[in-house]
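Colleague: Take this structure first; my questions come after.
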Amino acid sequence: MTFIFKSQPLINQRGGDKAVLFGDDFINNIKVTYRAKYGEEFPELSHFLKKMLLQAMVEVMEDNRVLFNDDEIGFKGIIPAIFAAQLAAKLSTKGVGLKIKFTRTKDDIRNVMNLPDEWEEMVMQKVINKPAVYFDNNGMLDGNPAYRQFTPLPMAAYCLKCHGSMEHNPLNFGKDKSQWTNIDMTGFEMENWTISDFGGGVSLSIEKSVLE
Ligand code: HEC
């Protein structure tokens, strides 16, 4: 998500060489970003699930190749949240017992596909006022024992460009109030979140049987 965020100017620019977004180049950039962010080596690809995850990430970028190379469209809409949704959909077709979901508390959910399940709702209520990674080695996924983890995403001022209220919407900048829209640049209705609201987070589940 960090690399997709950093690459927005490249993704959205008209023309130019975008090779760093695809294939091995893309994965190398993910590794460089990981090292810079966590100050440690990228994990060894010691398990097929890890290879599968990287493979699925490359496939999502490949699915969007024509869009990325379209010189007529400026803003392409492939932001971290959309990448996460496409990656989640891609992983669900692989049948490997690995699930990723970008979610938030039930009220004010933007895309109902991201609605939390019971476990996610329970965990978010626990961490909502004290954001911290939550790990559960006794969870369930689709009726099977699973390791589950929820990683909160801190709210930042730029989130409000899409999730905030009309005065934060760049589409309204410089326009008369009577012409303001509450539809953000991605085509969704804005939710009026504020900087002190909960930012949601990433929920990751792995069925135990795949790790045995
Ligand atoms: C460019 C607009 C944009 C920005 C900026 C943005 N988001 Fe989103 N966000 C979206 C869109 C679009 C979706 C729906 C993705 C989908 O269809 O699954 C979304 C989905 C989400 C979700 C999933 C739950 C839901 O309501 O569907 C969370 C949580 C979220 N965003 C939090 C954040 C946070 C926190 C930030 C800042 C760190 C942020 N977003 C920045 C556009 C944006």
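Laboratory data are not the source of any read-out in this text; all were calculated from the coordinates shown. Model, not experiment: these values are computed from the prediction. No Cβ is skipped: glycine too gets one built from the backbone with ideal geometry, and neighbour counts run over all protein chains shown.
Colleague: What FRET efficiency comes out for GLU212 versus GLN55 if R0 is 25 angstrom and r is the Cβ-Cβ distance? Round to the nearest 0.05. Could you put the intermediate results ahead of the total?
Modeller: Numbers: r = 22 Å, r/R0 = 0.86.
For R0 = 25 Å, the calculated efficiency reads 0.70.
Colleague: Let me ask you something else. Calculate, axis by axis, the spread of Cα positions in the chain along the three principal axes, and write the results as whole Å, longest axis first.
Modeller: So the extents along the principal axes, rounded to whole Å, are 60, 42, 33.
Colleague: Taking R0 as 41 Å, what FRET efficiency do you get between ILE73 and THR105 from their Cβ-Cβ distance, rounded to the nearest 0.05? Mind showing how you got there, number by number?
Modeller: Numbers: r = 33 Å, r/R0 = 0.80.
The pair ILE73/THR105 has a calculated efficiency of 0.80.
Colleague: Considering all alpha-carbon pairs of the stretch 1-96, what whole percent are spaced by more than 22 angstrom?
Modeller: Working: 1289 of 4560 pairs.
Of all Cα-Cα pairs in the stretch 1-96, 28 percent lie more than 22 Å apart.
Colleague: I've got another one for you. Give me the one-decimal Kirkwood hydrodynamic radius in Å for the stretch 68-167, with the sum taken over alpha-carbon pairs.
Modeller: 15.7 Å
Colleague: Give, as a single signed number, the net charge of other residues whose beta carbon lies under 11 Å from the beta carbon of LYS161, with Lys and Arg counted +1 and Asp and Glu -1. Please list the in-between numbers first.
Modeller: Values: positive: none; negative: GLU167, ASP184.
So the surrounding residues net to -2.
Colleague: Now, a different point. Could you please rank GLU191, GLU62, placing first whichever residue has the fewest other Cβ atoms within 10 Å of its Cβ? All intermediate terms of the calculation are to be shown ahead of the outcome.
Modeller: Numbers: GLU191 18, GLU62 14.
Ordered from fewest to most neighbouring Cβ atoms within 10 Å, GLU191, GLU62 come out as GLU62, GLU191.
Colleague: For LEU171, project a label point 7 Å along Cα to C-beta. Then give me every residue of the stretch 37-79 with its amide nitrogen under 11 Å of that point.
Modeller: No residue qualifies, since no backbone N sits under 11 Å from the label point.
Colleague: Just how large is the dipole of the stretch 1-96 about the Cα centre, in debye to the nearest 20, putting +1 at every Lys and Arg Cβ and -1 at every Asp and Glu Cβ? If you can, show how the numbers build up before the last one.
Modeller: Working: 12 positive and 12 negative charges, 56 e Å.
For this selection, approximately 260 debye.
Colleague: Here is a follow-up. Quick check: from the Cα gyration tensor, does the stretch 157-212 come out rounded (a/c under 1.5), prolate or oblate?
Modeller: On the way: a/c = 4.75, a/b = 3.10, b/c = 1.53.
Prolate, since a/c reaches 1.5 and a/b exceeds b/c.
Colleague: Please arrange ARG35, ARG104 by how many other C-beta atoms lie within 10 Å of their C-beta, fewest to most.
Modeller: Values: ARG35 12, ARG104 25.
Taking fewest neighbouring Cβ atoms as first place, the list is ARG35, ARG104.
Colleague: Below 19 Å, Cα to Cα, which aspartates and glutamates can LYS31 reach? Residues fewer than 8 away in the same chain don't count.
Modeller: Within the straight-line cut-off, LYS31 pairs with GLU40, GLU41, GLU44, GLU59, GLU62.
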